[in-house]
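One structure is given below, encoded as structure tokens.
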Amino acid sequence: MTLPLRFCLIGILALLLTVAGHAASAKTDQQQINDHVWRPFARAIVERDLDLYFSVHSPEIIRAELGASKVSRLDAYRADMLKYWTRSRPAGAPQDTFELRFTKRASNATAAYETGYYKSEFTRPNGERGVYYGAFHVTLRKENDRWKILVDADGFDGPRPTEETFQAAQPLEPER
């Protein structure tokens, strides 16, 4: 092999290794969605941080509460959440826990659709601990290089989710 050809092959190999290393370190859509949406979303629920909660939603959010046959836009949804959070936790009550698990996750570079279950542990105003399981269907969109919730449908068809159905779904992967 001639010297120029050898240098050319070494250069091509170095370029391929650099590109492969960059691709391997790039986050997947789902990892970005976890970082941009789901981790802050769960933290906002536990901390009752309305600003953080709505920071992961698109200004064009469509919120569907399937059990109540209700659809809301941003202002009404925000008012409903403020009212709910104000009345649902007694002063000094322990922090809620909130977990997500996924049954389907599909995405491309700009849009995603995810379904799954959530589990919320909470303290009732009378001091009793409660657990609630719910289901979600969410459409996400990348806006200004950040994933945001565009459509959030909360509810379920058929029986209410249980600890068993919740545990059978895929957990949110650990933070990287």
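The numbers here are math on the coordinates, done by the rules we state, and not lab data. Everything numeric in this text was worked out from a predicted model, so none of it was measured. Don't worry about glycine lacking a Cβ; one is built from the backbone with ideal geometry, like all the others, and counts go over all protein chains shown.
Summing Lys, Arg as +1 and Asp, Glu as -1, what charge do residues with Cβ under 13 Å from the Cβ of H36 carry, H36 excluded? Can you show the working numbers first?
Working: positive: K27, R39, R43, R141, K142, R146, K148; negative: D29, D35, E114, E143, D145, E175.
The answer is +1.
Sorting K142, K83 by the number of Cβ atoms found within 10 Å of their own Cβ, with the fewest placed first, yields K83, K142.
For segment 19-176, what does the relative contact order come out to in percent, with C-alpha contacts under 8 Å and a separation of six or more? Intermediate values should be presented prior to the final figure.
On the way: 260 pairs, mean separation 37.1, N = 158.
Value for segment 19-176: 24 percent.
Taking N as the residue count of segment 28-171, its C-alpha radius of gyration divided by 2.2 N^0.38 Å amounts to 1.03.
Near R105, once Lys and Arg are set to +1 and Asp and Glu to -1 for all other residues with Cβ below 13 Å from its Cβ, the sum equals -1. Given their separation in residues at 0.36 nm each and the Cα-Cα distance between them, T97 and Q167 gain 23.7 nm when the chain is fully extended.
If you stretched the chain out fully between R43 and E65, how much longer would it get, using 0.36 nm times the residue separation minus the C-alpha to C-alpha distance?
On the way: separation 22, 0.36 × 22 = 7.92 nm, distance 2.14 nm.
Stretched out fully, the R43 to E65 stretch lengthens by 5.8 nm.
Here the label points at T115 and K27, each 7 Å from Cα along the C-beta direction, are separated by 2.6 nm in the simple model.
Beyond 23 Å between alpha-carbons counts as too far, so tell me which of K119/K142; K83/K104; K70/K148; K104/K148 fall in that bin. Display every interim value, and only then the final one.
Values: K119/K142 26 Å; K83/K104 31 Å; K70/K148 21 Å; K104/K148 17 Å.
Over 23 Å Cα-Cα: K119/K142; K83/K104.
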